[in-house]
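K.L.:
Below is a structure I'd like to ask you about.
The values are calculated or read from the model by the stated rules, or taken from the named source; none is laboratory data. All figures in this text were calculated on a predicted structure; none of them were measured in a lab. Here the Cβ is made from the backbone with ideal geometry for all residues, glycine too, and neighbour counts use every protein chain on show.
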Amino acid sequence: MIKQLVKVLNQVEGVDDYRIIERTEKSHQAFFVLSKLETTRLVETCEYQVTVYNRHNNLIGSSDFNLSHKVSNKELEKLIKDAVYAATFVSNKDFNLVNGQKKKSFKDAPFNDSFETITKKVYDIYTKYATPNLKFNAVELFYNELTTHVVNSKGVNLTKTNYNLEIESIPSYDGDNKVEIYKFDSYPVLDYDQIESNVKQALEDVKARYKAVKLPKIKKCDVILKDNDCGEFFESFIDDYSYRMVFSGATDKKPGDMLVDANAKTKLSITLAPSSKAKAFDNDGLLLKKFNVVDKGALTSYYGDNVMGQYLGIDPSGVPDEIQVKKGSKSLDSLKKGKYIEIIALSGIQIDVRGDYIGGEVRLGIYHNGEEEIPVSGFSFSGSFKNALNTLTTSKEIVKIKGYNGPKYLKIKNVSVM
């Protein structure tokens, strides 16, 4: 359909530029209910996102439409004309689309095991630790092949293919009453050891949720974040130094400025990089490379997409899909000293760098009071983000998950809990 789209786009008056993103997904899926394989299936989808650009009065407007099925040239012409009309009502500062060089494809290697083998091994792992009252009520497995093809009116013609494994599950604990929690895990590489570790942790978590009580009355405490919450911490932190935030005037920091105090416990180094060979370009067709955003506690560069880079007069970096953070020197055992709350499930972490705030609502945590471990739920924490940065301790244990490769645990000192 790409050829048809390009042909008709070039014929419609008012189309000054265009971009087409073709997304094809082949998903092998398996569904288990109470340790029984209910069904397997193969789902294949293809969708086109078309963006039309129209220039008027030295400004530019754009409008999108999506296609998931074949259409005639006449139907396509109407969709494009409608998009042009809509774009005339949008007036932004003009910019140029990314210039293409030559047609190029990038592809990661598929997983070594077949879908049938993956399904069998995952099934064995998820049933290995089940007991009559501690088990998984449902497990859904998705082995995905994702292909993205970006074409624009300036010669961009790039394709990438990557693979991942996603598992959704419902672990449950049956006691005097029944408790269930939801787990979602995404694996960019096939790692059965990591899957097994996550399964054991999920069962521990649902059992802790069953036993959870109200947090004892304490005003201040250290907290330990892990896994996805660590990724969200760093993502929220560096978002303040994106082109978008700089353009809006939301940050006053410049490259070279220190972001932590001289006596900060950890001088962070944060890098953005493609997570694999196939993640070589973004949706604008901008080729991506690894670069530092923060180095030893100092801001080294802003980052962002093609449009905002041009607005700031900066050669656009693009936004690679993985945040990489240098591992720390402390083991988890070293972090687990004194009184602290290990956060298991957090309803998102909120960070306001300029407002000097960090906080979040905790659905499940483990309070370590120095003598025993107490599962707790239904509370929140908050504090100074500047203090969090200056007292931050990062673990030497690392984790690689979707969008994040860095310390598995972070310890933040002396936050308020309520």
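K.L.:
With a cut-off of at least 1 residues that are hydrophobic (A, V, I, L, M, F, W, C), name the strands (runs of 3 or more DSSP E) lying wholly within the range 299-418.
P.N.:
Values: elements: 322-325, 340-352, 357-368, 373-377, 379-383, 398-401, 404-407, 409-417.
In the range 299-418, the matching strands (runs of 3 or more DSSP E) lie at 322-325, 340-352, 357-368, 373-377, 379-383, 398-401, 409-417.
K.L.:
Kindly indicate which of Ile358, Ile323, Ile343, Ile351 is under 24 Å from the mean Cα position of the chain (by Cα), in the same structural domain as Gly406 (by TED's automatic domain parsing), at pLDDT below 95 and buried (at least 18 other Cβ atoms within 10 Å of the Cβ). Full working, then the answer.
P.N.:
On the way: Ile358 fails: at pLDDT below 95; Ile323 fails: at pLDDT below 95; Ile343 fails: at pLDDT below 95.
Within the list Ile358, Ile323, Ile343, Ile351, the selection yields Ile351.
K.L.:
Something else now. Among the residues of the range 61-114, which ones are over 21 Å from Leu286 (Cβ atoms), in contact (Cβ under 8 Å) with a residue 40 or more places away in the chain and among the acidic types (Asp, Glu)?
P.N.:
Glu77, Asp113
K.L.:
To continue, here is another question. Taking the stated definitions as given, is Val206 under 28 Å from Lys339 (Cα atoms), assigned to a strand (DSSP E or B), touching a strand residue (DSSP E or B) at 6+ places or on another chain (Cβ under 6 Å) and of a type in the set (A, V, I, L, M)? Outline the logic, then answer.
P.N.:
Values: under 28 Å from Lys339 (Cα atoms): yes; assigned to a strand (DSSP E or B): no; touching a strand residue (DSSP E or B) at 6+ places or on another chain (Cβ under 6 Å): yes; of a type in the set (A, V, I, L, M): yes.
The answer is no for Val206.
K.L.:
With respect to Val122, determine if the residue is part of a helix (DSSP H, G or I) and either exposed (fewer than 12 other Cβ atoms within 10 Å of the Cβ) or not assigned by TED's automatic domain parsing to the domain that holds Asn283 (or both).
P.N.:
Numbers: part of a helix (DSSP H, G or I): yes; either exposed (fewer than 12 other Cβ atoms within 10 Å of the Cβ) or not assigned by TED's automatic domain parsing to the domain that holds Asn283 (or both): yes.
Spelling it out, Val122 is indeed part of a helix (DSSP H, G or I) and either exposed (fewer than 12 other Cβ atoms within 10 Å of the Cβ) or not assigned by TED's automatic domain parsing to the domain that holds Asn283 (or both).
K.L.:
Does Lys277 fit the bill of being assigned by TED's automatic domain parsing to the domain that holds Tyr409, among the charged types (D, E, K, R) and more than 25 Å from Val98 (Cα to Cα)?
P.N.:
no
K.L.:
Select from the range 388-403 the residues that are touching a Gly at 6+ places or on another chain (Cβ under 8 Å) and not aliphatic (A, V, I, L, M) and write down the one among them that is surrounded by the fewest Cβ atoms within 10 Å (Cβ to Cβ).
P.N.:
Of everything passing the filter in the range 388-403, Lys396 is surrounded by the fewest Cβ atoms within 10 Å (Cβ to Cβ).
K.L.:
Would you mention how many residues in the range 64-112 are polar (S, T, N, Q) and under 30 Å from the mean Cα position of the chain (by Cα)? Don't jump to the end; show me each part of the working.
P.N.:
We begin by selecting, within the range 64-112, every residue polar (S, T, N, Q); these are 66, 68, 72-73, 88, 91-92, 96, 99, 101, 105, 112.
Narrowing further to those that are under 30 Å from the mean Cα position of the chain (by Cα): 66, 68, 92, 96, 99, 101, 105, 112.
Residues flagged as polar (S, T, N, Q) and under 30 Å from the mean Cα position of the chain (by Cα) within the range 64-112 amount to 8.
K.L.:
I'd like to verify a number: residues in the range 190-207 that are touching a Phe, Trp or Tyr at 6+ places or on another chain (Cβ under 8 Å) and surrounded by fewer than 15 Cβ atoms within 10 Å (Cβ to Cβ), how many?
P.N.:
1
K.L.:
Can we say Ser91 is over 30 Å from Pro132 (Cβ atoms) and either aromatic (Phe, Trp, Tyr) or exposed (fewer than 12 other Cβ atoms within 10 Å of the Cβ) (or both)? Write out each step before concluding.
P.N.:
Details: over 30 Å from Pro132 (Cβ atoms): yes; either aromatic (Phe, Trp, Tyr) or exposed (fewer than 12 other Cβ atoms within 10 Å of the Cβ) (or both): no.
It is false that Ser91 is over 30 Å from Pro132 (Cβ atoms) and either aromatic (Phe, Trp, Tyr) or exposed (fewer than 12 other Cβ atoms within 10 Å of the Cβ) (or both).
K.L.:
Would you point out which residue out of Lys290, Lys253, Lys279 is modelled with pLDDT under 95 and surrounded by fewer than 21 Cβ atoms within 10 Å (Cβ to Cβ)? Talk me through it step by step, then tell me what you get.
P.N.:
Working: Lys290 fails: modelled with pLDDT under 95; Lys279 fails: modelled with pLDDT under 95.
Going through Lys290, Lys253, Lys279 in turn, the sole match is Lys253.
K.L.:
Step by step: first the residues of the range 47-74, then only those that are of a type in the set (A, V, I, L, M, F, W, C) and touching a Ser or Thr at 6+ places or on another chain (Cβ under 7 Å), then the one that is surrounded by the most Cβ atoms within 10 Å (Cβ to Cβ). Which residue is that?
P.N.:
From the range 47-74, those of a type in the set (A, V, I, L, M, F, W, C) are 50, 52, 59-60, 65, 67, 71; that's our starting set.
Checking the rest, the ones that are also touching a Ser or Thr at 6+ places or on another chain (Cβ under 7 Å) come to 52, 59.
Details: Val52: 27, Leu59: 12.
The residue in question is Val52.
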